[in-house]
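**Q** Take this structure, written in structure tokens, and hold onto it; I'll ask about it next.
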Amino acid sequence: MATIVLDPGHGGKHKIGGSSPNNATGPNGLKEKKVTLKVGIAAKKALDGSGHTVILTRDEDENLGIVERAKVAKDNDAAVFISIHFNAPGGSTPAQGTETWIGTGHTAMSRGLADAVQRRVLAVTGYRDRKVKVGNVSGVIKPENHDPDTANCLVEISFLSLQASEEARLGQQSYIDALGQAIADAALEHLGQRGLGVAPAALAQLAVEEPEDGASARRLGFVRDDDDEAGVVAVDADAFRVPFADLDAFERMTESAPDADLGPAARAAGFDAALAESAPAVTIDFGPNAKAADVTAFSRQVLGEVMQRAGLSRVIISSTSRSPADQARVMFNNLERFGIAHQRALYGPAGDLVIGVYQARKAAGAGASAIKAAMEQEIIRIGPTRVSRHASDPKVLNVFDVAPSSVTRKAEFEREVTRDARISKFITPPNDPGYHLEIPQPGAP
């Protein structure tokens, strides 16, 4: 196991050793130093039970010098150091986006950590991807201030200054927790890649735990004898206990509001702000839980042509394909909210194996991040598409939802989607919270 150092930026009332007490401030007075500490504490909490040692450079409103912050990692032989910040534009023009910094002369390990942090935090903020950037924007990421074995980066989660909506969002504990979880997941992902995460042998043991109803996967015939030694789980990709439309609808409700109430108001809340913006004709926008990069150019062309035929100027894609980590998060949240028996009634044999990992890790007292990491590894081992079609490779099968609230001509849209032979599956409300589309990609195997 390893040591993870989380560095909530700024703090206190005075500049110390190159570290200012505060940088960004929201229009209504929310200070960066306050929310960096909240996110740091949330990330530490998410890592509890992971087996790793987690250290905060500060756990109250105090400031530490730049070198002193990095020294916490060096003194504790840390494998990971993540400095947490919020951004402010250089002038009076508002800006928004998520970016992660690594120092000039950084190691490959730091680059790998930064990539994981950027990807996971961006998935929570839903803002513009300002990429991983290189430069000594702070001494906390200068390579000379760290041991070569310490992967380190600085994340600017979002712009707080001149951003009233983000300031309000940061007042919600669910958003703070989601950001902390993203940072925790990134650290665990990175450690796993370095061989410092959950041992594969332990995961394999967890995967064969007896399901809740006492019937093992082998006795039910879901694992072939000839595949056992190779660790390949042989299951029917479409073997779910309920119609796929029902499972899809259930998962989508959680994905649309992963840390909030699952009612219609909560599901729609993420789209209201985006709908309020003006846009040019025939525009495809993305909601807070959708990843623009996961919708291919071909799928955008198909959707755009459908919109033109339906007389629509703009729609919002509310959800896209899931990575194994995303699928693990959705399943974990559903298991926490609705219980094991409820989820076993929805998923097929492949899903049962993932639920078995959750059950065993939970019984062992593991924390949320560790459980989700183990579930993610099991999904990868089984094959993501055997667990859910939403985990398909978007370059092979592009799966996404369009928010019904953004479709002003619903009958025309449904007619044109149904007529388009390039769309292999189409599920409409109320069978799904969104318009669910699946588009096979040209040239895919």
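Values in this text are rule-based calculations from the coordinates and carry no lab data. The structure displayed is predicted, hence computed values, not measured ones. A quick note on method: Cβ atoms are made from the backbone with ideal geometry, for glycine too, and the neighbour counts reach across all protein chains shown.
**Q** How would you rank 404-412, 109-117, 390-398, highest first, on the average number of other Cβ atoms within 10 Å across their residues?
**A** Descending mean neighbour count gives 109-117, 390-398, 404-412.
**Q** Starting from the Cα of Phe426, step 7 Å toward the Cβ, then list every residue of the range 294-319 with an amide N under 14 Å from that point.
**A** Of the residues in the range 294-319, 302-312 have backbone N under 14 Å from the label point off Phe426.
**Q** Right, next: Which net charge results for the neighbourhood of Pro21, defined as the other residues with beta-carbon distances under 10 angstrom from its beta-carbon, given Lys and Arg at +1 and Asp and Glu at -1?
**A** Residues near Pro21 contribute +1 overall.
**Q** Still on this structure, I have one more. What distance in nm lies between label points placed 7 Å from Cα along the C-beta direction at Phe338 and Lys15?
**A** The answer from the label model is 5.4 nm.
**Q** Pairs of lysines 8 or more apart, or on different chains, with alpha carbons under 13 Å: count those in the range 3-193, would you?
**A** Taking the Cα cut-off of 13 Å, the pair count is 6.
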